[in-house]
Amino acid sequence: MKEVYSIKEAINKIEHYCAYQERCHEEVVSKLRTMKLDSSEIDEIIIHLISSNFLNESRFACSFTRGKHRIKHWGKIRIVNELKFRKITTYNINLALKEIPPEEYLDTFHSFAERQWEAIRESDALKKKKKFCDFLLRKGFESNLVYEKMKEMESSE
């Protein structure tokens, strides 16, 4: 990577970076910092990206939420925490959570939880339950859902 970029070169490079995949402001700013641009140049480029619709925080949050839920099977808690970590506003987080229909969320949770229960090879019932709950909680599912599902799986054995 070269050391110094003109504004025009930086804009071309960062437009490509944003067009390739949805990005949040935080990712773009840190990428621009690695290009050794000063803060006034970074501000100018961010304004250009937003006005040209290369950068849109709401669109990023919605896309991120759909992808993490459908592909990685993350629960809402983990998604919210990851969005907060990326400095996404509460308004955009709430907007993004509406991208997951409640029926789809529960279907994903139940099928994922059942697969997980079957996959745990543990003869000690207590250890199996702990592994099951820990895994689903790490994935960001709500504790009430996890514990209800554990009771259901335990009674079906």
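Data table
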quantity: Which listed residue, of F141, F85, F112, is out of contact with any Phe, Trp or Tyr (no Cβ under 8 Å at 6 or more places or on another chain), within 28 Å of C24 (Cα to Cα) and not assigned by TED's automatic domain parsing to the domain that holds E15; calculated: F85
quantity: Those residues of the stretch 60-80 which are surrounded by 14 or more Cβ atoms within 10 Å (Cβ to Cβ) and of a type outside the set (A, V, I, L, M, F, W, C), in sequence order; calculated: S63, T65, R66, G67, K68, H69, H73, G75, K76, R78
quantity: Condition check for R86: among the basic types (K, R), more than 28 Å from C18 (Cα to Cα) and at pLDDT 95 or above; calculated: no
quantity: Filtered residues of the stretch 4-19 (kept if surrounded by fewer than 16 Cβ atoms within 10 Å (Cβ to Cβ), hydrophobic (A, V, I, L, M, F, W, C) and not in a loop (DSSP other than H, G, I, E, B)); calculated: I7, A19
quantity: The stretch 65-81 - residue that is assigned to a helix (DSSP H, G or I) and in contact with a helix residue (DSSP H, G or I) (Cβ under 7 Å, 6 or more places away or on another chain) and, of those, farthest from K131 (Cα to Cα); calculated: T65
quantity: Whichever residue in the stretch 83-102 is touching a residue at least 12 places away in the same chain (Cβ under 8 Å) and part of a helix (DSSP H, G or I) and, among such residues, is surrounded by the most Cβ atoms within 10 Å (Cβ to Cβ); calculated: A96
quantity: Qualifying residues in the stretch 107-136 (those that are surrounded by fewer than 17 Cβ atoms within 10 Å (Cβ to Cβ) and in contact (Cβ under 8 Å) with a residue 24 or more places away in the chain) - the one farthest from H73 (Cα to Cα); calculated: A125
quantity: Filter result for I50 (surrounded by fewer than 17 Cβ atoms within 10 Å (Cβ to Cβ) and aliphatic (A, V, I, L, M)); calculated: yes
quantity: Evaluation of E22 against (1) in a loop (DSSP other than H, G, I, E, B); (2) more than 12 Å from the chain's Cα centre (by Cα) (one fails), failing number; calculated: (2)
quantity: Residue list for the stretch 95-152, filter: of a type in the set (G, A, S) and on the phi < 0 side of the Ramachandran plot; calculated: A96, S111, A113, A119, S123, A125, S143
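The values are calculated or read from the model by the stated rules, or taken from the named source; none is laboratory data. Keep in mind that what you see is a predicted model, and the values were worked out from it rather than measured. Counting neighbours? That spans all protein chains shown, and the Cβs are built from the backbone with ideal geometry, glycine included.
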